[in-house]
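Right, one structure below, let's go through it.
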Amino acid sequence: MASHAPLPASPPVRLAVPRMVVEAPVIRLGLDSHGRLSTPPMSKPHEVGWYAAGPAPGQQGTAVIVGHRDTKTGPAIFLNLNALRPGDPVKVTRKDHRTAVFTVDSVRTFARGSFPSKKVYGDTGRPELRLLTCGGRFDRKTGYSANVVVFAHLTSVARA
């Protein structure tokens, strides 16, 4: 599917993923003390977080939204992120009352030790979105062994 022209900057406020029957408020995230992308609070498993120092969804560049797969209290917002398929829509409502509609290009799982940061976070020359969560095997001491990453690009814009 062809790309849509980039939008001006405007923070995201809500994420909708129809295939997963998910709608979630979006909070702002930054980097933790180790320089890694922080995550939404474990106490709020139904929120997602946007890396606010990067592009806004729909803006030129690669916007990043993360969510938990699960928490100690049970399943979380991105439990079934790996169920997305190429062609699926992902909708991000922005503060400017526009909804940036992205189309999934691929869903990949990367082992933590070989996570391709440049491929995931790098600018591709068009407005793109990455959705990230944990994946792979779970170990109580070390956590999940991998990350699930959805690659999507902006294909249309609607009024919210």
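Throughout, read-outs are computed from the coordinates displayed, never taken from laboratory work. Bear in mind the structure is a predicted one, so any value in this text is a computation, not a measurement. Positions of Cβ are generated from backbone atoms using ideal geometry, with glycine treated the same way; all protein chains shown enter the neighbour counts.
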- Message: Modelling each spin label as a point 7 Å along the Cα-to-Cβ direction, I'd like the Ser117/Val21 distance in nm, to one decimal.
- Response: 3.9 nm
- Quote the FRET efficiency, to the nearest 0.05, computed for His97 versus Lys72 with a Förster distance R0 of 41 Å and r equal to the Cβ-Cβ distance. 0.65
- Task: Calculate the length of the line joining the C-alpha centroid of the range 98-159 to that of the range 1-75, in whole Å.
- Result: 10 Å
- Extension gain from Asn82 to Ala52, taking 0.36 nm per residue of separation minus the Cα-Cα distance: 8.4 nm
- Query: How about the range 60-139: which trypsin sites (Lys or Arg not before Pro) there are in a DSSP loop, with at most 10 other Cβ atoms within 10 Å of their Cβ?
  - Reply: Lys72
